[in-house]
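Down below is the structure, laid out as structure tokens.
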Amino acid sequence: MADDASAPAPALTLARVRLGAGGPSARVRVADGRITHIALEAETGANAEAAGERQLDLDGRVLLPGLWDAHVHLAEWASARHRLDLAGTASAQAVAELVRERAGAPDGSVLYGYGFRDGLWADAPHKRLLDAVLPDRPVALVSADLHAAWLNSACLALVGRGDHPTGLIREHEAHEVLSALPAAPTDVVDGWIEDACRAAAARGVTGVIDFQYGDTVADWERRSARFRPAVRVSAAVYPGHLDAAIKRGLRTGDEVGADGSLVRVGPLKLFTDGSLNTRTALCRDPYPGLEDTDGSHGIEETAPGELVRLMRRAAAHGIEPAVHAIGDRANTVALDAFETVRCRGRIEHAQLLSPQDLPRFAQLGVVAGVQPRHATDDRDVADRHWAGRTERAFAYGDLLAAGARLEFGSDAPVSPLDPWLAVAAAVSRTDDERPAWHPEQRLFVPDALVAAARGRRLVRVGDAADLVVVDVDPLDADADTLRAMPVHATMTNGRWTHGPY
């Protein structure tokens with residue numbers, strides 16, 4: 001059973017802490033999970049805490065609002081940390097050789113791998129490559145963007161797809177196939193997730209939106225009875241569970257589970273298209289080399305009329321939609337649906353945008369949930385498959401200038417659950433020795449920090465005590481230091497979740 005999170009933590013004053021990046025020295029009092037008093041150290045009467053309350057001298061470190069990862073797949077991320085790592089493999093053959101090296105004894109269990117990116121490979125993933133190195137043990141490899149699965153013949157037979165011609169399965173079918181495979185025991189996965197939440201807190205994370213596919217609300221109700229997560233969790237609803245959520249009267253933001261102060265109902269996750277790496281993102285222009293084929297412009301996951309119907313039904317019952325849209329045509333479809341329904345919500349990814357759609361985010365009050373690491377990870381794929389259009393890809397500078405609210409995420413496990421990697425990518429637009437990719441879309445550090453904190457610029461009296469203390473002022477940090485930002489301590493709901501206290 002989880003600890004009683006409703007029991008108030010002892011009141012505490014954080015002394016000699018700098019209030020925000022580049023900010024003045026201040027004292028910040030926390031009680032009952034809230035910030036109750038802030039005073040500059042230079043002010044008369046700054047020592048406003050009650051006699052006998054604990055004081056903590058932070059020695060000039062910087063105090064920031066707690067950071068969020070506004071797009072994660074927690075079970076996938078937690079599991080990927082225990083799977084064969086395929087990141088950085090340069091070809092299908094290289095993946096097959098890695099499978100050969102790491103396969104171990106063919107004990108009949110599924111060998112899972114994660115992280116391949118085939119968008120630039122000269123050879124194609126095929127079941128025969130995996131069959132040649134591991135014919136008797138099922139192999140299931142998941143692409144880095146979670147939109148494709150590559151299976152060998154033994155694994156295809158296991159899920160009743162033995163007649164699949166290539167073993168490379170994309171989009172909806174891939175989710176179905178992966179869901180049909182044997183999974184680690186629930187208690188094991190829950191333990192992995194508990195560890196992953198603690199690791200996130202160690203990077204300054206105080207909350208996540210969990211878009212894990214499945215009955216995510218029910219999963220978190222179960223977990224919250226077992227452990228108190230180190231981060232706040234907003235648990236997404238998928239269309240297959242929408243009717244049940246409505247029947248229960250659940251609304252976005254409602255507390256659920258044994259630890260309702262930390263676990264809440266999140267948005268309804270909907271899809272308009274696929275992804276860039278799989279060339280299934282829905283675009284106005286065809287993909288080079290696919291001009292005369294089916295799917296030359298990507299795929300339409302949900303028809304516009306059905307998208308509107310689902311959004312309208314959810315919004316009528318207080319559940320806000322979060323619409324996956326990557327290609328420029330998909331983003332127009334999503335924005336058109338928001339304009340029709342006139343509800344609050346989010347567009348997830350917003351990777352390629354038509355110029356006329358930029359101001360519509362602010363006009364419609366739609367949050368752009370973006371993942372800056374995708375811009376640096378996918379720059380080469382974008383240059384190939386979105387050639388001539390990349391000046392409006394991952395256009396965070398243009399979105400911000402048009403008044404949009406940006407919220408950063410990782411899409412973990414697509415990129416690591418670490419908000420400082422997102423901040424550094426948004427500021428530098430590169431993560432290697434190459435010059436910045438479309439530097440006109442860079443953000444300044446203060447704006448990137450706001451996007452990483454879900455709109456909070458400074459800590460304020462009355463706010464929830466979700467805080468992160470860092471050893472280096474982000475304004476003084478270069479890109480490498482931002483990526484590796486030393487996090488001294490993290491506090492969620494007035495309780496330390498990371499650090500020496």
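Where in region 192-227 is the amide nitrogen less than 19 Å from a point lying 7 Å along the Cα-to-Cβ axis of residue 243? Answer for this model: 214-218. Close amide-amide hydrogen proximity is noted between residue 233 and 208, 263, 264, each under 5 Å apart and 5 or more residues distant or on a separate chain (H modeled in the peptide plane; Pro and chain starts excluded). Put simply, the convex hull of the Cα atoms in region 287-353 casts, on average, a shadow of 4.6 nm².
For region 357-367, putting each phi into the Karplus relation 6.51 cos²θ - 1.76 cosθ + 1.60 with θ = phi - 60° gives couplings of 8, 4, x, 6, 4, 5, 4, 9, x, 9, 6 Hz, in residue order, rounded to whole numbers and with x for Gly and Pro. Dividing the summed -39500 (n - 2.57) terms of all DSSP H runs of n ≥ 4 by the residue count of the chain sets its mean residue ellipticity at 222 nm at -8500 deg cm²/dmol. Pairwise inverse Cα distances across region 440-501, averaged and inverted, put the Kirkwood hydrodynamic radius at 13.0 Å. For region 221-339, list log₁₀ I(q)/I(0) at each q in 0.11, 0.14, 0.23 Å⁻¹, using the Debye formula over Cα point scatterers of equal strength and ignoring solvent, two decimals each. Those come out to -0.47, -0.67, -1.14, one per q. Between residue 292 and residue 339, the simple spin-label model (points 7 angstrom out along Cα→Cβ) gives 3.6 nm.
With the convex hull built on the Cα atoms of region 354-501, state its orientation-averaged projected area in nm².
Computing the convex hull of the Cα atoms and averaging its projections yields 10.1 nm².
DSSP finds beta bridges in the chain, and of those with both partners inside it, around 45 percent are antiparallel. Of the GluC sites (Glu not before Pro) found in region 394-463, those in coil by DSSP whose Cβ has at most 15 other Cβ atoms within 10 Å are 433. Pair-distance distribution of the chain: all C-alpha pairs, bin width 10 Å, starting at 0; shares per bin in whole percent are 4, 19, 28, 27, 15, 5, 1, 0. Phi angles across region 71-84 convert, under the Karplus curve 6.51 cos²θ - 1.76 cosθ + 1.60 with θ = phi - 60°, into 3J(HN,Hα) values of 6, 9, 10, 5, 5, 5, 5, 4, 6, 4, 5, 10, 10, 4 Hz, Gly and Pro given as x. Projecting the Cα atoms of 450, 55, 185 onto the dipole axis of the chain, where Lys and Arg carry +1 and Asp and Glu carry -1 at the beta carbon, places 55 farthest toward the positive end. Using every Cα-Cα pair within region 154-258, state what percent have a distance larger than 21 Å. Of the Cα pairs, 49 percent sit more than 21 Å apart.
In region 13-133, the alpha-carbon atoms span a convex hull of 207 Å³ per residue. Each listed q (0.09 Å⁻¹) maps to a log10 I(q)/I(0) for region 98-229, found by the Debye formula over equal Cα scatterers with no solvent: -0.33. The candidates 101, 339, 41, arranged from most to least accessible area with a 1.4 Å probe in the full protein assembly, appear as 101, 339, 41. Overall size of region 295-402 from C-alpha positions, given as principal axis extents largest first: 42, 33, 23 Å. In this simple spin-label model, placing a label point 7 Å from the Cα along the Cα-to-Cβ direction at both residue 102 and residue 225 gives a separation of 3.5 nm. Counting alpha carbon pairs within less than 8 Å and at least 6 residues apart, what relative contact order, in whole percent, applies to the chain? After rounding, I find 18 percent. Accessible area per residue was computed with a 1.4 Å probe on protein heavy atoms; residue 408 scores about 10 Å².
Out of the DSSP beta bridges found with both residues in region 14-133, what percent are antiparallel (nearest 5)?
The antiparallel fraction comes to roughly 60 percent.
Please give me the summed charge of the neighbours of residue 318: other residues whose Cβ is under 12 Å from its Cβ, Lys and Arg +1, Asp and Glu -1. Neighbourhood net charge equals +2.
R0 = 45 Å: FRET efficiency of residue 55 with residue 175, Cβ-based, nearest 0.05? Mind showing how you got there, number by number?
Details: r = 51 Å, r/R0 = 1.14.
About 0.30, to the nearest 0.05.
Take the chain with all the other protein chains still there, run a 1.4 Å probe, and you get 39 Å² of accessible area per residue.
Which of rounded, prolate or oblate describes region 101-172 when judged by the alpha-carbon gyration tensor and an a/c cut-off of 1.5? The shape class here is prolate.
Note down the net charge around residue 396, summing +1 for each Lys or Arg and -1 for each Asp or Glu among other residues with Cβ under 13 Å from its Cβ.
0
With the convex hull constructed from alpha-carbon coordinates only, region 58-112 shows a mean projected area of 7.6 nm² over all directions. Ordering 287-300, 214-227 by mean Cβ neighbour count within 10 Å, with the highest value first, yields 214-227, 287-300. Charged neighbours of residue 186, selected by a Cβ distance under 14 Å, balance to -3 (K, R count +1; D, E count -1).
Quick one: grab the alpha carbon gyration tensor of region 400-461, order the square roots of its eigenvalues as a ≥ b ≥ c, and give me rounded if a/c is under 1.5, else prolate or oblate depending on whether a/b is larger than b/c. Oblate, because a/c is 1.5 or more while a/b does not exceed b/c. At 25 °C and 0.890 mPa s, grab the translational diffusion coefficient of region 271-318 from Stokes-Einstein with a Kirkwood Rh over Cα pairs, rounded to a whole number in µm² per second. Translational diffusion coefficient: 206 µm²/s. Accessible surface for residue 151 stands near 0 Å², nearest 10, in the context of the full protein assembly shown (1.4 Å probe).
The values are calculated or read from the model by the stated rules, or taken from the named source; none is laboratory data. Just so it is clear, the model here is predicted, and its values are computed rather than measured. FYI the Cβ positions are ideal-geometry reconstructions off the backbone, even for glycines, and counts take in every protein chain you see. For accessibility, only protein heavy atoms count, side chains too; no ligands or nucleic acids. Shrake-Rupley method; radii C 1.70, N 1.55, O 1.52, S 1.80 Å.
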